[in-house]
Amino acid sequence: MRFPSNGNKWLPWFFALLSAALLGVGSLDMGVAQANGKATLVAIHEQGPYRFEVSILPARAVVNNTHLSLRVVALESEETLTEAEVNISAAGPETVNRFGPIAADNDVLPQFFETTLPFSAPGPWRVTINVITELGDETIQVPMEVRAGQPINLILVAAIAVAVVAVGVWTYDRIRAGLRRRRANA
């Protein structure tokens, strides 16, 4: 696409504004979930014949939206175990804040047993993880400080969407006006 070359001084300003808008939107932290590689390791326990590596996503546990990944390693062979029964339960800051046991499966990545923890309230929680394999049955406890989740600011998202649409309509109108002038002068 070629822009009209009849002295359009607005074109550099348009690209500067568009670049600033894209940088602004790109720098917003909207809490987007990412793959296991971005999970935060929160605990390593060596107990019995195992090493337990517990990771969560997001980096801090939040109400209703914390993903837990568990890697179980045999201490003797340093082999990651993929055959296990893993159950997770938790007790929260009040006696009514409990859940589990919840089964953690390794259907997506065989080396990680995963589940979502349904924390119901912010505060201190004690997560209990029970693992059963051919090497034996072990249980560990991992303390977590659960925070209230941060909802997406819908007003900010709507304002950005309106701004992007407005810039798009304005640009389309400017290009069409330039093409009409060019045809009229030809």
Problem - Top-ranked residue of the range 59-84 - restricted to ones that are in contact (Cβ under 8 Å) with a residue 40 or more places away in the chain, in a strand (DSSP E or B) and of a type in the set (A, V, I, L, M), ranked as surrounded by the fewest Cβ atoms within 10 Å (Cβ to Cβ) - result: Ala74
Completion exercise
Flagged in the range 101-154 as acidic (Asp, Glu) and either outside any loop (DSSP other than H, G, I, E, B) or not assigned by TED's automatic domain parsing to the domain that holds Pro49 (or both), in numbering order, are Asp105, Glu114, Asp137, Glu138, Glu145
Practice task
Please work out which one of (1) under 30 Å from Ile155 (Cβ atoms); (2) modelled with pLDDT of 95 or more is the condition Arg51 fails and give its number.
Solution key: (1)
Practice task
Kindly check whether there is at least one residue in the range 132-149 that is on the phi > 0 side of the Ramachandran plot and either under 21 Å from the mean Cα position of the chain (by Cα) or surrounded by fewer than 17 Cβ atoms within 10 Å (Cβ to Cβ) (or both).
Solution key: yes
Fill in the blank from the handout: Counted residues in the range 33-60 being under 12 Å from the mean Cα position of the chain (by Cα) and of a type outside the set (Val, Ile, Thr) come to 11
Fill in the blank from the handout: Residue set Val157, Val165, Val169, Val96; condition among the aliphatic types (A, V, I, L, M), part of a loop (DSSP other than H, G, I, E, B) and either in contact with a helix residue (DSSP H, G or I) (Cβ under 6 Å, 6 or more places away or on another chain) or surrounded by fewer than 15 Cβ atoms within 10 Å (Cβ to Cβ) (or both); output residue Val96
Practice task
Given the conditions (1) over 30 Å from Val54 (Cβ atoms); (2) among the small types (Gly, Ala, Ser); (3) over 28 Å from the mean Cα position of the chain (by Cα), report the number of the one that Ala158 does not fulfil.
Solution key: (3)
Handout entry: Criterion (surrounded by 11 or more Cβ atoms within 10 Å (Cβ to Cβ) and under 15 Å from Asn65 (Cα atoms)) met by exactly one of Pro110, Pro118
Key = Pro118
Exercise for the section: Return only the number of the condition from (1) farther than 19 Å from Glu46 by Cβ; (2) at pLDDT below 95; (3) not charged (D, E, K, R) that Asn87 does not satisfy. Expected result: (2)
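The values are calculated or read from the model by the stated rules, or taken from the named source; none is laboratory data. On a predicted model such as this, the values are computed, not experimentally measured, just so you know. Cβ: placed from backbone, ideal geometry, glycine included. Neighbour counts: every protein chain shown.
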